[in-house]
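Every number here is computed from the coordinates shown, using simple stated rules; none is lab data. As the structure is a computational prediction, the values presented were derived from the model and not from experiment. Neighbour counts run over all protein chains shown; Cβ positions are idealised from the backbone, glycine included.
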Amino acid sequence: MSRTENQKPIIAVCGKGGVGKTALSALLARGFLDLGAKPLLLLDADPAGGLISVIGQKAKSSLALARERMIESARSGDPKAKTRLVQDLDYLVLEALEEREGYAFLAIGRMEEKGCFCPANTLLREAIDLLARPFALVLIDAEAGLEQISRQVTRNVTRVLAVSDGSARSLDTVKLIGEMVGEERMAIVFNRLDEKAASAIVDGLPPALARSPVLGCVPEDKTLLDFDRRGRTLWDLPKDSPARKNAAKIAKALLEEANPVN
Ligand SMILES: Nc1ncnc2c1ncn2[C@@H]1O[C@H](COP(=O)(O)OP(=O)(O)OP(=O)(O)O)[C@@H](O)[C@H]1O
Ligand SMILES: [Mg+2]
């Protein structure tokens, strides 16, 4: 029996800076939608953003903005404001969600650290459960590095997808992520590597990482790079482009492990 059986899949794409988390998140999301895994919630948990524009959308609001509004309301002097805080927070967070056909998205946004209210990462951690409720699947494009993992933002995540581009440093990050979240909760994906190069790396992985399934690899794809450079949405990549095709296979593997066929 799979560990994730009967749990709603909440997948966080993590890894060292620049390994392709955002590109992969966008292509996995496209893959999930193409496979009918809807409604899908996309969380852009990187304060620097990226995922939402890569899928050809614009975010009007963010968790950071919701938090600012909450602080303003609490400081407004309205005596009822404090008792309304919890409801307000739920309301503001849900209001920041942008809905589209088959999916919705929300950005964590950037925030100036003011006031004693929980920082965005804590807010995101607490909000994930509430936000996830009406969705079949949640996909999170995490911030580079380990901060969100150490702050337990990924606490309720069913699969931590660690991305490596095959470099020693990206593999060190994968190893650290495994130690922090538990290797069995992590799965590994290679980006910008073909199957041969990825399998050579898999053969050399440290024994602890053998507990983390390797779900596939996305090859270097010139069309993807060109789309990204020109600001074109990666959702418009041709279905048979190498990156989109391989990401679709990884999306399928993620769905299968979440809902194993008996
Ligand atoms: N498979 C690929 N083939 C070609 N180019 C790629 C591929 N994956 C990612 N890239 C390119 O690599 C760059 C970094 O990708 P991306 O922004 O997705 O990384 P990231 O891990 O999200 O970075 P950050 O840590 O800054 O958020 C981008 O220019 C992107 O177009
Ligand atoms: Mg990114």
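Normalised size of the chain, defined as Cα radius of gyration per 2.2 N^0.38 Å with N residues, equals 1.01.
Site pair Gln7 and Leu176 shows an inter-label distance of 2.4 nm when each label is modelled 7 Å from Cα along Cα→Cβ. With both labels modelled 7 Å from their Cα along Cα-to-Cβ, the Glu99 to Lys249 distance reads 3.7 nm. Projecting the Cα positions of Asn156, Leu193, Pro213 onto the charge dipole of the chain (unit charges on Cβ atoms of Lys, Arg, Asp and Glu, taken about the Cα centre) puts Asn156 furthest along the positive direction.
What distance in nm separates the two pseudo spin-label positions at Tyr91 and Ala200, each 7 Å out from Cα along the beta-carbon direction? Here the modelled spin labels are 6.0 nm apart. Once the Cα-Cα distance is subtracted from the 0.36 nm per residue extended length, the Glu126 to Glu256 segment shows a gain of 44.1 nm.
Under the rule of -39500 (n - 2.57) per DSSP H run of 4 or more residues, summed and divided by the residues of the chain, what mean residue ellipticity at 222 nm is obtained, to the nearest 500 deg cm²/dmol? All intermediate terms of the calculation are to be shown ahead of the outcome.
Values: 10 runs with 111 residues, N = 262.
Helix contribution divided over all residues of the chain: -13000 deg cm²/dmol.
Work out how much length Asp34 to Glu220 would gain on full extension: take 0.36 nm times their residue separation and subtract the Cα-Cα distance, in nm to one decimal.
Numbers: separation 186, 0.36 × 186 = 66.96 nm, distance 2.20 nm.
Answer, rounded to one decimal: 64.8 nm.
What percent does the relative contact order of the chain come to when contacts are Cα pairs within less than 8 Å and at least six residues apart? Value for the chain: 30 percent.
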